[in-house]
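What follows is a set of notes on a single structure, which appears directly below.
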Amino acid sequence: LSDEVALGPGAEFDTIRALLARWGARAIGVGDDAATLSVARGDQLVVSVDSAVERRHFRPEWSTPREIGYRAVVAALSDLAAMAAIPTGILLAITLPDAWRAKLDELADGIAEGADTVRAPIIGGNMSGGTELAITTTVLGSAFAPLRRGGARVGDSVYVTGVLGGPAAALRSLEAGHGVGAHHERLKFPCPRVHEARWLAERGATAAIDISDGFIADLRHVAAASRVTIDVVGASVPHVDEVTLNTALSGGEEYELIVTTARAFDVEEFRARFGLLLTQVGRVTDGERAEVTLDGARVANISGHDHFSR
Ligand SMILES: [Mg+2]
């Protein structure tokens with residue numbers, strides 16, 4: 001690359017060179033002290049960071065290095081999608097134990113595939129040794145009017161993208177020793193809904209969040225930030241046959257979007273454009289508390305996915 005700075009000698013730089021060779025044209029301008037980035041006039045810079053740590057966020061016996069690299073990047077990109085931002089750059093801080101060195105190419109390939117989902121360049125990072133594999137992904141994006149969690153207003157409709165429960169069904173199948181099953185792709189290679197979010201933002205979305213902890217758990221964040229009550233109609237929530245509604249509503253790592261709007265979205269147009277369901281699942285009401293109700297009852301027994309509970 002014309003703007004790439006030559007890296008000096010040494011084992012750490014050899015590792016970085018190996019990564020850069022794997023990433024090819026996806027890595028831009030790596031090797032200077034810091035990355036530089038242009039943002040369109042009038043846009044805001046949108047930034048998020050996310051860590052994937054061995055045995056906290058993934059199990060090496062259940063995930064290939066490629067899947068681990070891919071998911072680390074996509075989980076971070078999903079947060080940009082939730083803000084309706086266009087990803088413009090990715091930085092990766094990798095803690096690489098010696099035992100993982102032989103898997104570096106596969107990890108790099110997964111990271112590259114994650115970046116490819118949104119065509120965002122890898123613009124920098126850091127390598128370090130350590131006792132457990134950890135990938136910390138910083139994502140940069142830009143948006144003229146970022147969507148926030150606190151924008152839901154009384155009277156808004158609540159929509160969700162996709163069909164919920166696939167990751168939960170796949171995880172359950174793994175835990176039962178039956179392999180990953182029919183919903184393999186939804187668990188292993190989720191898609192950040194970046195383009196979908198832009199479409200929704202341009203058509204009047206008022207608030208958004210991506211589902212990382214679980215539908216109800218993340219919807220609670222919207223209710224709290226917007227200081228509203230959100231009523232969910234259980235029967236309207238699309239979910240896979242293999243899990244119950246409650247499992248679908250509590251399962252994490254969906255990376256689908258929840259959005260609110262004062263208008264009605266054209267769900268047929270959305271489906272035709274993205275090959276993905278968009279479903280109205282509830283309404284924002286002026287209840288007394290900032291909370292989520294399911295079919296009129298307070299939801300107390302559906303907890304979110306907690307990374308520290310594994
Ligand atoms: Mg999020």
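Filtered by the rule that a residue be in a loop (DSSP other than H, G, I, E, B) and of a type in the set (Lys, Arg), the stretch 34-80 gives 41, 55, 56, 59. Per this entry, residue 114 is counted among residues that are under 22 Å from residue 58 (Cβ atoms) and not in a loop (DSSP other than H, G, I, E, B). For the stretch 47-58, which residues satisfy the criterion of being away from the ligand (no atom under 16 Å from the Cβ) and either among the hydrophobic types (A, V, I, L, M, F, W, C) or free of Cβ contacts under 8 Å to residues at least 12 places away in the same chain (or both)? Selection gives 53, 58.
Given the structure, is residue 283 charged (D, E, K, R), at pLDDT below 95, more than 21 Å from residue 86 (Cβ to Cβ) and not in a helix (DSSP H, G or I)? Answer is no for this residue.
Residue 196 falls short of the stated requirement of being in a loop (DSSP other than H, G, I, E, B), closer than 30 Å to residue 58 by Cβ and either modelled with pLDDT of 95 or more or more than 16 Å from the ligand (Cβ to nearest atom) (or both). Exactly one residue out of 272, 201, 264, 217 is in contact (Cβ under 8 Å) with a residue 12 or more places away in the chain and away from the ligand (no atom under 16 Å from the Cβ): that is 264. Within the stretch 59-73, at least one residue is small (Gly, Ala, Ser), within 16 Å of the ligand (Cβ to nearest atom) and at pLDDT 90 or above. Here residue 185 meets each of (1) touching a Lys or Arg at 6+ places or on another chain (Cβ under 9 Å); (2) surrounded by fewer than 18 Cβ atoms within 10 Å (Cβ to Cβ); (3) under 18 Å from residue 238 (Cα atoms) with one exception, condition (1). Within this structure, residue 34 passes the test of being away from the ligand (no atom under 16 Å from the Cβ), among the aliphatic types (A, V, I, L, M) and surrounded by fewer than 15 Cβ atoms within 10 Å (Cβ to Cβ). Just one residue in the set 217, 225, 235 is at pLDDT 95 or above, over 23 Å from the mean Cα position of the chain (by Cα) and either part of a helix (DSSP H, G or I) or surrounded by fewer than 18 Cβ atoms within 10 Å (Cβ to Cβ) (or both); that residue is 235. Selection of the stretch 81-109 for residues being surrounded by fewer than 17 Cβ atoms within 10 Å (Cβ to Cβ) and in a strand (DSSP E or B) yields only 93.
The values are calculated or read from the model by the stated rules, or taken from the named source; none is laboratory data. Keep in mind that what you see is a predicted model, and the values were worked out from it rather than measured. Quick reminder, even Gly has a Cβ in these numbers, built from the backbone with ideal geometry, and neighbours come from all protein chains shown.
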